[in-house]
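This report concerns only the one structure given below.
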């Protein structure tokens, strides 16, 4: 029997003990979906509310779960996930990201791509610019000449807008495995 679940939505948790813990929890959920057979995860990176742990935009979440059910339980050939980070490569002063689940192609919802950070060997993440190039995303910051890693949506609450043409959002991710104490600068 399929097991479908919802990834934690963006939320600015008021407890200092839980400051910046949401990214690692979302990452654990993503890994569970990628490694546990017959599961599905609805990404909610675009429906969060900084002041409410329970987002009010339930219809989007329900639609995503329905798409997962159509695919997982009923075997329908539908796009049921937004972009999921696959791999990266460094190209000069930029990092090129590849994704699975691009559907009809990558898109930036509501303006220029947002929610990306980048770092060099110093592991100090800074806001990054990003642009879609076919089915990849190119990420850079002019101050980072030798980039080492990228993070996307790596905060309790941050605006993200990478999606596929079907309107399904990309899951937050990181390309690194740095210790949890390495935080982004927002």
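A compact table of results
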{"quantity": "Mean separation of Cα contacts under 8 Å (6+ apart) over length of the chain, as relative contact order %", "calculated": "24"}
{"quantity": "Residue among 135, 161, 52 with the largest mean-square fluctuation in a Gaussian network model of the chain, springs linking Cα atoms under 10 Å", "calculated": "52"}
{"quantity": "With Cα atoms, 0 to 90° folded angle of helix 22-35 axis to the chain main axis", "calculated": "60"}
{"quantity": "Antiparallel DSSP beta bridges within the chain, percent to nearest 5", "calculated": "90"}
{"quantity": "Residue with peak Gaussian network fluctuation, the chain [Cα springs, cutoff 10 Å], from 149, 69, 51", "calculated": "51"}
{"quantity": "For region 100-181, the fraction of alpha-carbon pairs in successive 5 Å shells from zero, as %", "calculated": "3, 15, 26, 24, 18, 10, 4, 0"}
{"quantity": "Orientation-averaged projected area, Cα convex hull of the chain (nm²)", "calculated": "10.6"}
{"quantity": "Region 55-108: relative contact order as a whole-number percent, Cα under 8 Å and 6+ apart", "calculated": "25"}
{"quantity": "Residues 109, 17, 145, sorted so that the one with the fewest Cβ neighbours within 10 Å comes first", "calculated": "17, 145, 109"}
{"quantity": "Mean-position separation - Cα centroids, region 1-72 and region 131-150, in angstrom", "calculated": "26"}
{"quantity": "Helix 58-72 vs. the chain, principal-axis angle (Cα, 0 to 90°, nearest 10)", "calculated": "70"}
{"quantity": "Over region 84-174, relative contact order from alpha-carbon pairs under 8 Å, at least 6 apart, %", "calculated": "34"}
{"quantity": "Column: log10 I(q)/I(0), Debye, Cα scatterers of region 1-111, q = 0.19 Å⁻¹", "calculated": "-1.16"}
{"quantity": "Burial ranking of peptide ranges 31-37, 83-89 (average Cβ count within 10 Å, highest at the top)", "calculated": "83-89, 31-37"}
{"quantity": "Estimated distance in nm for a label pair at residue 58 and residue 176, the labels positioned 7 Å out from Cα along Cα-to-Cβ", "calculated": "4.0"}
{"quantity": "Ranked list, fewest to most other Cβ atoms within 10 Å of each Cβ, for 53, 96", "calculated": "53, 96"}
{"quantity": "Zone of residue 133's modelled label, taken as backbone nitrogen in region 79-114 under 14 Å from a point 7 Å along Cα→Cβ", "calculated": "88-99"}
{"quantity": "Residue order, fewest to most beta carbons within 10 Å, for 81, 15", "calculated": "15, 81"}
{"quantity": "Computed FRET value (nearest 0.05) for residue 66 with residue 109, which takes r as the C-beta separation and R₀ as 25 Å", "calculated": "0.80"}
{"quantity": "Mean residue ellipticity (222 nm) of the chain, computed from DSSP H runs ≥ 4 via -39,500 (n - 2.57), nearest 500", "calculated": "-5000 deg cm²/dmol"}
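Read the figures in this text as sums done on the coordinates, not as results from a lab. Model, not experiment: these values are computed from the prediction. Using ideal geometry, Cβ is built from the backbone for each residue, glycine included, and neighbour counts are taken over all protein chains shown.
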